[in-house]
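A.B. asks: This is the structure I want to talk about, given as structure tokens.
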Amino acid sequence: MLACLLGGSLVTARADLKVGDPLPDLTACKLTGKLPDALAGKVVVLDFWASWCGPCTESFPVLDGLQTKYGPAGLVIIAVDVDDTKSDMAEFLKKHPVSFVIVQDARQYLSDKVNVSALPTSFLVGRDGKVAFIHHGFDGADSTKAYEQEIPALLKP
């Protein structure tokens, strides 16, 4: 049985990721793709998506703009694709190229561990490595406004 490390503890059952919880050890979750070398001290947006998700299509340009705008200040966006096949993910990315990190969770180990129940779902993680905000779904201007308030607040020293 595969297990992800969550806060240094072995987790083999579903563990809802809540505000205040530490970001799981992503390297222990068998994701396909290259994760950033170090996330310590960074603000992270961990965004779960799929190629068939309409709101994900809307959120990608917003997330890409946020990465461009706030990346130099320490923002790292990691988009976790939950498609079953790499070809579905690749086809989506041809139509919607982005500058942030893309990894795949085809067997949905990580998405199950953190209990992703809607797509997209984004976890905003502060420099301390703990979840500060959670967004279920993407609601255009309202979601964009929330990101534009939350990310700068998390980036403050």
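The values are calculated or read from the model by the stated rules, or taken from the named source; none is laboratory data. Remember, it's a predicted structure, so these values are computed and weren't measured experimentally. When we count neighbours, we look across all protein chains shown, and the Cβ atoms used for this are built from the backbone with ideal geometry, even at glycine.
A.B. asks: Just need a number here: residues in region 99-122 that are acidic (Asp, Glu) and outside any loop (DSSP other than H, G, I, E, B).
C.D. replies: Residues flagged as acidic (Asp, Glu) and outside any loop (DSSP other than H, G, I, E, B) within region 99-122 amount to 1.
A.B. asks: Continuing with this model, one more query. Mind checking which residues of region 116-157 are under 25 Å from LYS34 (Cβ atoms) and at pLDDT below 95?
C.D. replies: Hit for region 116-157 is VAL116, nothing else.
A.B. asks: Continuing with the same structure: For residues that are farther than 18 Å from TRP52 by Cα and surrounded by fewer than 16 Cβ atoms within 10 Å (Cβ to Cβ), tally how many sit in region 93-108.
C.D. replies: 1
A.B. asks: Out of ALA90, ALA106, ALA118, I need the residue that is farther than 23 Å from PRO24 by Cα and of a type in the set (A, V, I, L, M, F, W, C). Which one?
C.D. replies: The match here is ALA90.
A.B. asks: Just checking, does region 140-148 include any residue being closer than 23 Å to ALA28 by Cβ and either in a strand (DSSP E or B) or over 16 Å from the mean Cα position of the chain (by Cα) (or both)?
C.D. replies: no
Table: residues versus (1) at pLDDT below 95; (2) more than 15 Å from the chain's Cα centre (by Cα).
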residue	(1), (2)
VAL45	no, no
ALA50	no, no
CYS56	no, no
TYR70	no, yes
ILE78	no, no
ASP84	yes, yes
LEU93	no, yes
VAL98	no, no
SER111	yes, no
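A.B. asks: Next question, about the same structure. Keeping to region 82-98, report how many residues are over 20 Å from VAL62 (Cα atoms) and either part of a helix (DSSP H, G or I) or in contact (Cβ under 8 Å) with a residue 60 or more places away in the chain (or both). Give the steps one after another, and end with the answer.
C.D. replies: Within region 82-98, the subset over 20 Å from VAL62 (Cα atoms) is 83-88.
Still in the list and also either part of a helix (DSSP H, G or I) or in contact (Cβ under 8 Å) with a residue 60 or more places away in the chain (or both): 86-88.
Qualifying residue count, region 82-98: 3.
A.B. asks: Considering only residues that are touching a strand residue (DSSP E or B) at 6+ places or on another chain (Cβ under 7 Å) and part of a loop (DSSP other than H, G, I, E, B), look in region 24-38 and name the one that is farthest from VAL131 (Cα to Cα).
C.D. replies: Once the filter is applied, the top-ranked residue is GLY33.
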